[in-house]
Amino acid sequence: MRLSEIHPLFYHIRIKQKWLFRFIQNVRDRKKFAKHLMKTSYAYTCKKHQSLLRRRLGDSDPQLQENKIVNLSIAASKIDGIVISPGEVLSFWELVGKTTKAKGYIEGMQLSRGEVKTGFGGGICQLANLLYWMALHTPLTILERHHHSFDPFPDEGRVLPFGSGASVFYNYVDLRFRNTTEQSFQIRVWLTNDHLKGAIYTNEEMRYSYHLEERNHSFSKQHEKNFRQNEIWRKTVDKRTGNYMKEELLIKNHSEVKYEIKPEMLLNS
């Protein structure tokens, strides 16, 4: 058992240590980060996506969803229009910064250490989810992505495959991708009454498109606990010929389920 699991004091010390290490690393790498915002969109579309702002999440307080929308609006404004030039790295936290009360963030839902909690800025993982999903449909290289170690709520209104999101926690649990191509990419994100919307554009027409699919999805029971697993694969398609160029396994999920599931859904029931 790790010290951070024995007493909350050790946990918070470990958090501060990780925060400091990432801060020092960021200072060293600051010149690599994308910083330029441009409100005029590039001409060519790589990927568009949207996600519902309000979904029933178990027995959670609906007010937390309204609070989340406030937090998302603030965070999205820090990313909307960001240009990722060749060689640059997009860092979620370098753009958004710490989600404090002074910046207008309010209490929202957070997932931490296997539990559902609340905290300032809670809910902005939805923005990270959107960015990650869109980036997977581009040639951008994923440098850092974390996922939740548990599945907290049953599917209701879910559009994307299970386990295709991204967890973020300031500042060392980050979402980062690098532009290793010779063209520039631009991210636009905004909110409507019902959706968080986003798009990735580029300044040159794309030769390839990318298609993602879920495979081998199932539930299982292990040591009296329920788990959910799946795989997410990506196919690269030549847009001129329609031919598949390659396919690759991107994500392999295996997470504990925190809600009741029907016995007939279990793989080994």
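Highlighted here are the strands (runs of 3 or more DSSP E) found entirely within region 193-269 that include at least 2 residues which are of a type in the set (Val, Ile, Thr): 195-202, 225-238, 244-257. Residues in region 165-198 that are of a type in the set (Val, Ile, Thr) and either loosely packed, with under 15 Cβ neighbours inside 10 Å or modelled with pLDDT under 90 (or both): Thr180, Thr192.
Only one of Ile187, Ile200, Ile106 is touching a Lys or Arg at 6+ places or on another chain (Cβ under 8 Å) and among the aliphatic types (A, V, I, L, M); which?
Ile200
Looking across region 217-252 at every residue that is surrounded by 11 or more Cβ atoms within 10 Å (Cβ to Cβ) and among the polar types (S, T, N, Q), the one that is modelled with the highest pLDDT is identified as Thr236. Sort out which residues of region 13-26 are modelled with pLDDT under 95 and β-branched (Val, Ile, Thr), and write them in order of number. Scanning region 13-26 gives Ile13, Ile15.
The values are calculated or read from the model by the stated rules, or taken from the named source; none is laboratory data. These numbers were taken from a predicted model, which means no experiment stands behind them. Using ideal geometry, Cβ is built from the backbone for each residue, glycine included, and neighbour counts are taken over all protein chains shown.
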